[in-house]
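These notes are about the structure you will find just below.
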Amino acid sequence: MPAGAGMEAHVFMPSDTPRINKFEAVMAGAKVVLVDGLIADCGRIVRAGNEAMSWFDLSTLRQSTGAPAIVVCPREQGTFPR
């Protein structure tokens, strides 16, 4: 997980994702964003943020695996809007 390398990692997943998946992402150092909706809704949020936030999209949305969409924000610490 990029968070282990000192990078910010943001994981967008549906709010009804199993708790173990949420736990694993948090334990890996990711900032988890729960989305009311489906994995496709997470993907829409990620795509909307790609250009605006300079995110690098590592999502698995095109494969319909049900896995959470992963977004890495490889920018300097302190520049992410809060």
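The values are calculated or read from the model by the stated rules, or taken from the named source; none is laboratory data. It should be emphasised that the depicted structure is a prediction, and the values quoted were computed from it without experimental measurement. Note: ideal-geometry Cβ built from the backbone for every residue, glycine included; neighbour counts use all protein chains shown.
Before moving on, here are some points about what is shown:
- Members of the stretch 24-43 that are touching a strand residue (DSSP E or B) at 6+ places or on another chain (Cβ under 9 Å) and among the charged types (D, E, K, R): K31, D36, D41
- Positions within the stretch 12-36 being exposed (fewer than 13 other Cβ atoms within 10 Å of the Cβ) and touching a residue at least 12 places away in the same chain (Cβ under 8 Å), in sequence order: S15, D36
- Segments classed as strands (runs of 3 or more DSSP E), wholly inside the chain, with at least 3 members that are at pLDDT 75 or above: 8-14, 31-35
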